[in-house]
Amino acid sequence: MVALRARVQDAEVRLEKLQEVRQDLDRLLDRVWALPERVGDDVDRLRHRCSQGEENDELVHQCLERHLD
């Protein structure tokens, strides 16, 4: 009977660990599915920053040209 209880407890511990693994896998799956959206947001943000940098460069270039004329 004691051996049977020990086996049941071992099985319960294994089940709990498997459930934790399942939860970890579910969280990873959610992160993977969200990744394209996050990457797209990052790309949009970088494009915006590059555009701002190009606009600033153009303004500086125009100011320098006026200053040199």
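FYI, it's all coordinate maths here, none of it is from the lab. If you're wondering where the values come from, they're calculated on a predicted model, not measured in any experiment. Cβ coordinates were reconstructed from backbone atoms using ideal geometry, including for glycine residues, and neighbour counts include every protein chain displayed.
Over all pairs of distinct alpha carbons, what does the Kirkwood formula give as the hydrodynamic radius of the chain, in Å? Averaging 1/r across every pair of different Cα atoms and inverting gives 17.5 Å. With only Cα atoms counted, the stretch 7-47 has Rg and Dmax values of 17.8, 59 Å. The charge dipole of the chain, taken about its Cα centre with unit charges on the Cβ atoms of Lys, Arg (+1), Asp and Glu (-1) only, comes to about 820 debye.
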